[in-house]
Amino acid sequence: MPTPEICHEPCSDDLFEGIGEGFVTGTVGGSAFHFFKGIYNSPKGRRFIGSTQAVRTNGFRLGGVLAVWYGLSSILKCSIEHVRQKEDPWNCMFGCAAAAGSLQMRKGLGPASRWTLFAGVLGLLEGASDYIELESPQLDSKLPRFGGGEIEKKEVDEKKSGGIKTILESFKLK
């Protein structure tokens, strides 16, 4: 069996990166959501205290939930990629859909199927954006620079730079 041609980091890096991204995303987003929800649901005169209590109670919980989902989807994406010996958007779609479906199975078949479909669409969008990014690395070099010129590199005199030669980029057009 031929070895797969993988253009990114090993899956263990993807796993820890995914868990970290999920925790930060969930914590920040959950804190903001529960802060405003606490303001809305608290009585007048105690809104700020109620909102901070809601953040302390619920903010990190959502971070943990998203960390588990991102971690499981990273494991499944890497597993599917290893089994298929291909790197394409379908791996991401199937991994995200399977992770969401398996985490929602405790609520029943109906919610699990809805979350599987929703996460599959999100996974397809994420996989397509990753695939476009991988397939077009020369896109950045084809974009025009500010003012239509190129960045000129020039060396600074040692006396002006404190004895250390450095290279500065200036935006003077050629």
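The values are calculated or read from the model by the stated rules, or taken from the named source; none is laboratory data. Computed from a predicted model, the values in this text were never measured in an experiment. No Cβ is skipped: glycine too gets one built from the backbone with ideal geometry, and neighbour counts run over all protein chains shown. The protein model used for the area step is the full one, side chains on, heavy atoms only, and it has no ligands, DNA or RNA in it. Shrake-Rupley method; radii C 1.70, N 1.55, O 1.52, S 1.80 Å.
Would you confirm, using the coordinates I've provided, whether Arg84 is basic (Lys, Arg) and more than 25 Å from Ser136 (Cα to Cα)? Spelling it out, it is not the case that Arg84 is basic (Lys, Arg) and more than 25 Å from Ser136 (Cα to Cα). In this structure, Arg106 does satisfy being of a type in the set (D, E, K, R), at pLDDT 55 or above and surrounded by fewer than 10 Cβ atoms within 10 Å (Cβ to Cβ). Among the residues making up the range 28-67, those that are farther than 29 Å from Ala100 by Cα and surrounded by fewer than 13 Cβ atoms within 10 Å (Cβ to Cβ) are Tyr40, Asn41, Pro43, Lys44, Gly45, Arg46, Phe48, Ile49.
Beta carbons closer than 6 Å, at least 6 apart along the sequence or on distinct chains, pair a first residue in the range 73-101 that is free of Cβ contacts under 8 Å to residues at least 24 places away in the same chain and within 18 Å of Glu17 (Cβ to Cβ) with a second that is open to solvent by 40 Å² or more (accessible area, probe 1.4 Å) and not charged (D, E, K, R) for Leu76/Ala98; Ile80/Phe94.
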